[in-house]
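Structure first, then comments.
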Amino acid sequence: MAFAVCLSSTTPPTRMLIFDGVNVQPVTADSIQIFAGQRYSFVLTADQPISNYWVRAKPNIGNTEFTNGLNSAILRYAGADDTVPTTTLSNSSLLLETALHPLRNRGAPGRHYAGGADVEINVAIGFAEGKFTINGASFVPPTAPVLLQILSGARTAQELLPAENVYVLPPNKVIEVTIPGGAVGSPHPFHLHGHNFDVIRSAGSSVYNYHNPVRRDVVSTGVEGDNVTIRFTTDNPGPWLLHCHIDWHLDTGLAIVFAEDGEAVSYEKPPPRCRASAYCSLDKKDFGDRNKDALHLEKYEIQAMSFDVKMDVAFFRSFFGGNAKITPQEYDQTTAVVVAELNNPQAGAVFGVSKIKNGNRYSEYHLRSMMVVFHPSAGKASCWLSV
C-alpha cells in the first residue's frame, strides 16, 4: 500500500532533506508519495497565521475520502482555537522521485550508458496458484538464519535456499537490476538489504539518469510500461534479500537473495587460538571488556567479519535446537552460559560455563567456529565469531 501525504495549500511547502536515510539536495514540496518501507525527513516552517491546518494522508486503496476528518490529522499552531480546520483541499502536485538528487553526488556506478554495468539482472514478477514469483520461482524462507550459517562456516546461502532463489554476485562489480512494472499487485515497493542503490530509471519516467540519480533503499516498481532500473556495487559481502515491502507479498514469495562475495564472508584466515586458561571468570556485567582477560576471545579485525548479534531466548532456541545442552540446567542471575556451535548447526554443545566465582573448565569438545554467550537473567545472547 502506498500513501500520498497531502499538506493543505494554506500551509507552507515542506523542505525535503533525507530520503531512506540518504541526505538529498533540499527541495520543497506540498505533497509526497510514501511507499511501504520508505522514510522521509523534512522541515516544515510554521510561519503561517496562528490557526488550524489539515494534514491529509490519501491511501491508494480503500476509502480515499477526507469527509469528517477521515484520513486526516490537524496541524494546530500554539494559541489556535480548539476547532476543526476550515481549509479545503486544493490541487497539489506530487514530488517526483526524479526531482531528488543526493547531497553527496557520486553518480551511478559503472559506465554511464545502457550496458554499462558488469552484471545485469532482470526481475520479472509473476503470480500463479496464490504465490508471487520472480523469474518463475517463488521465494521459500530458509529454516536457519542465513548470515549466521555462513559466518560459522556451516553452510552457504546456496545450500540453505533453493537454487532459483539465489543470485550469486561477484565482488566489487556493478550490478544493474531492472524490474518491469505492471505485475499483479502493482506498484510494488522493492527493498534491498545491505545497500543503498542508485535509481537510474524511476517509475513514471522513461529517462535514464546516470549523472545524479536518487539514492535510496526502497523503490516503487511502478505500473504497466514502467521499467524501474537500479545500480549498486558489490562492496558489502553477505546474503542480501531483495523483496517487496508489502508483508503479505513477501510472505507469498516475492523475494530473492543476492549472495554477494560468499568467499569473503567465510573465514579468510584461521581464527585466533585461545591462550592457556584453565578457568573462565566471565560475568554478564562488562562482558565485552572481560573477553580478552577471561576467554581471551579476539574479534576479527576485518569489519565485515566482526559481528555481535543480540538474540532473545526464542531465537536462541530456534537456532541451536530445542534440545541444546545447557549447563547448568538451573542457573541464577550471575551465570553466563557459553555455547559453541559444532559441525551440526543444531548441536549447540556446551564447551564452557562461567560464573562470577568458581568458573568451570573448558570441555575437550571446544571447537573454534562460533561462540554464543547466553545471559539468562537478561533473556538474550551475544553471538561472536570464534574463540
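Quick note: the coordinates plus some simple rules give every number you see, no bench work behind them. Every value quoted in this text rests on a predicted model; they were computed, and no experiment measured them. Don't worry about glycine lacking a Cβ; one is built from the backbone with ideal geometry, like all the others, and counts go over all protein chains shown.
Here are some notes:
- In Hz, Karplus ³J(HN,Hα) per residue of the range 221-236 (6.51, -1.76, 1.60; θ = phi - 60°; x = Gly, Pro): 7, x, 10, 3, x, 7, 8, 4, 10, 10, 9, 8, 10, 7, 10, 9
- Karplus-based coupling profile of the range 211-216, in residue order and whole Hz: 6, 8, x, 5, 10, 7, with θ = phi - 60° in 6.51 cos²θ - 1.76 cosθ + 1.60 and x standing for Gly or Pro.
- Summarising the amide proton neighbourhood of residue 214: residues at separation of 5 or more, or on other chains, whose placed amide H is nearer than 5 Å comprise 199.
- HN-Hα J in Hz across the range 68-83 - Karplus 6.51, -1.76, 1.60, θ = phi - 60°, x for Gly and Pro: 6, x, 5, 6, 9, 9, 10, 9, 10, 6, 4, x, 6, 5, 7, 10
- Of the peptides 29-36, 49-56, 211-218, the order by per-residue mean of other Cβ atoms within 10 Å, starting with the highest, comes out as 211-218, 29-36, 49-56.
- Net charge, residue 115 excluded, C-beta distance under 13 Å - Lys, Arg +1, Asp, Glu -1: -1
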